[in-house]
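Engineer: Supplied in structure tokens, the structure appears directly below.
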Amino acid sequence: MKTALLLLVLAVPCAMAAQAPPNKLEADLAKAKADYDRDPSSADNAIWLGRRLAYLGRFSEAIDTFTQGILKHPGDARLYRHRGHRYITTRRFDLATEDLQKASQLIAGKADEVEPDGAPNKAGIPRSTLQSNIWYHLGLAQYLSGDFTSALASYREGMKVSRVNDDMLVATSDWLYMTLRRLKRDAEARQVLEPIREQMDVIENGAYHARLLMYKGLRTPESVLNLNTADDIQIATQGYGVGNWYLVNGDRAKARSMFDRVLAGKATTAFGYIAAEVDVKRGF
């Protein structure tokens with residue numbers, strides 16, 4: 001994966017999802033801008049303009065666009081969900097938590113809905129939903145803030161809407177497992193792994209699936225991440241999972257070495273990179 005494309009992949013839970021070439025991203029942004037200019041009162045137009053800006057690394061503009069959308073549509077959970085995501089990207093975890101908590105309140109008692117992909121997977125089939133993404137990102141914001149107890153509650157809620165397919169199941173299960181291990185609730189963490197199998201219908205979240213198989217003892221850390229062949233995104237995504245695995249199993253030296261390796265890369269907007277950055281700052 002080329003460095004120029006690193007920003008795109010963060011439109012979905014897994015940083016290993018499909019990407020588009022830069023000229024396609026620019027064309028998509030131009031269309032989203034034209035749609036927004038034609039009808040700036042549309043929540044859909046605000047969402048897509050914000051998303052397209054973010055895919056090109058224009059995070060401040062994306063956040064401003066979502067904010068303008070919220071002013072017009074304060075009851076639309078989608079706008080808080082996407083702004084919250086980009087607050088995570090820009091390391092404003094408290095603001096992300098506020099937005100995503102608001103989004104979780106707005107969806108209470110409502111039916112879930114498929115979330116359209118900005119970066120379609122190889123099958124062209126959207127795998128995530130609005131509600132699963134809200135809980136996923138809320139749990140992540142709380143995890144990154146060091147509030148593992150709140151993260152656990154969010155991921156528990158997220159699991160209720162993450163069984164729609166194996167992609168969302170593995171994405172939520174991975175962070176739920178890591179959260180439980182941080183809380184030293186190891187027996188519960190092992191229960192999370194019970195539905196995880198070698199053969200699953202995973203289209204876009206293969207990185208999470210591989211990490212879960214490692215946690216379960218079915219793969220070695222070396223098979224999950226080959227540092228000799230991995231690119232920056234793979235190192236950020238898998239490197240954090242491997243480093244965290246070493247950390248919760250008592251090998252702080254190997255954990256720190258892996259976190260440092262992640263931070264030596266350029267995938268600064270990958271969730272694994274952000275998590276490694278936070279852990280190093282905490283002294284792990």
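Engineer: Kindly report the accessible area of the chain per residue (heavy atoms of protein chains, probe 1.4 Å, no ligands, DNA or RNA), in Å². Walk me through the numbers before you get to the answer.
Structural biologist: Values: 11820 Å² over 284 residues.
Spelled out: the 1.4 Å probe surface of the chain, per residue, equals 42 Å².
Engineer: With runs of 4+ DSSP H residues as the only contributors, calculate the mean residue ellipticity of the chain at 222 nm using -39,500 (n - 2.57) per run, divided by the residue total and rounded to the nearest 500. Can you show the working numbers first?
Structural biologist: Working: 14 runs with 177 residues, N = 284.
The helix contribution divided over the chain gives -19500 deg cm²/dmol.
Engineer: Would you mind checking K33/K122; K122/K160; K24/K122; K31/K266; K254/K281 for any pair whose Cα atoms are more than 21 angstrom apart? Write out the running numbers ahead of the final one.
Structural biologist: Values: K33/K122 26 Å; K122/K160 26 Å; K24/K122 16 Å; K31/K266 29 Å; K254/K281 16 Å.
Going by Cα-Cα distance, K33/K122; K122/K160; K31/K266 fall outside the 21 Å limit.
Engineer: Another one. Mind checking the angle between helix 22-38 and the chain's longest principal axis? C-alpha axes, 0 to 90 degrees, to the nearest 10.
Structural biologist: 40 degrees
Engineer: Which order do the peptides 116-125, 61-70, 82-91 come out in when sorted by mean C-beta neighbours inside 10 angstrom, highest first?
Structural biologist: Working: 116-125: 14.6, 61-70: 20.9, 82-91: 23.7.
Sorting 116-125, 61-70, 82-91 by mean packing, highest first, produces 82-91, 61-70, 116-125.
Engineer: Run the accessible area of the chain with a 1.4 Å probe and give the carbon-and-sulfur part as a rounded percent. List each step's numbers first, then the result.
Structural biologist: Values: 5960 of 11820 Å².
Roughly 50 percent of what the probe reaches on the chain is carbon or sulfur.
Engineer: Working from Cα positions, state the angle (0 to 90°, nearest 10) between the long axis of helix 148-160 and the longest principal axis of the chain.
Structural biologist: 70 degrees
Engineer: Another question, then. Ranking request for peptides 219-225, 46-52: highest mean number of other beta-carbon atoms within 10 Å first, then the rest in descending order. Please list the in-between numbers first.
Structural biologist: Working: 219-225: 15.7, 46-52: 25.0.
Taking the mean over residues of other Cβ atoms within 10 Å, the ranking is 46-52, 219-225.
Engineer: Is the C-alpha gyration tensor of the chain telling us rounded, prolate or oblate? Criteria: a/c under 1.5 is rounded; beyond that, a/b larger than b/c is prolate, otherwise oblate.
Structural biologist: Values: a/c = 1.68, a/b = 1.43, b/c = 1.17.
Since a/c reaches 1.5 and a/b is larger than b/c, the shape of the chain is classed as prolate.
The values are calculated or read from the model by the stated rules, or taken from the named source; none is laboratory data. Small disclaimer: the values here were computed from a predicted structure and weren't measured. With ideal geometry, Cβ positions are generated from the backbone for all residues, glycine too; neighbour counts draw on all protein chains shown. The protein model used for the area step is the full one, side chains on, heavy atoms only, and it has no ligands, DNA or RNA in it. Shrake-Rupley method; radii C 1.70, N 1.55, O 1.52, S 1.80 Å.
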